[in-house]
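Okay, so here's the structure we're looking at.
Please treat every number below as a calculation from the coordinates, not as lab data. None of the values given here were measured: they were computed from a predicted structure. Every residue, glycine among them, receives a Cβ derived from its backbone with ideal geometry; neighbour counts consider all protein chains shown.
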Amino acid sequence: MLTRQVEESLRAAQEHIRDALAFAARGEKPYVAKHIAGFLADIDNLVDAQDLIENMREYMDDKIKERDDQ
């Protein structure tokens with residue numbers, strides 16, 4: 001799981017990147033906006049994936065413990 005400070009920093013970065021995307025959509029070539037949007041998606045996926053991975057790890061640990069207890 002990401003630390004609170006890292007997650008907050010990533011979320012703050014997303015706000016700045018959204019601003020950049022808005023400006024890029026009005027004045028840059030489409031591929032620039034595409035890549036900026038990709039940065040946003042990558043940050044979102046990183047934060048969300050950390051939660052998913054942690055949940056999966058806990059689930060697997062529980063299953064292993066159940067198996068070992070039997």
Scope region 1-27; condition charged (D, E, K, R) and surrounded by fewer than 15 Cβ atoms within 10 Å (Cβ to Cβ); matching residues = ARG4, GLU8, ARG11, GLU15, ARG18, ASP19, ARG26
Residues being within 18 Å of the chain's Cα centre (by Cα) and over 21 Å from MET1 (Cα atoms) - total across region 21-62 | 6
Please work out which residue is nearest to LEU10 (Cα to Cα), limiting yourself to region 28-70 and to residues that are polar (S, T, N, Q) and surrounded by 10 or more Cβ atoms within 10 Å (Cβ to Cβ).
-> ASN45
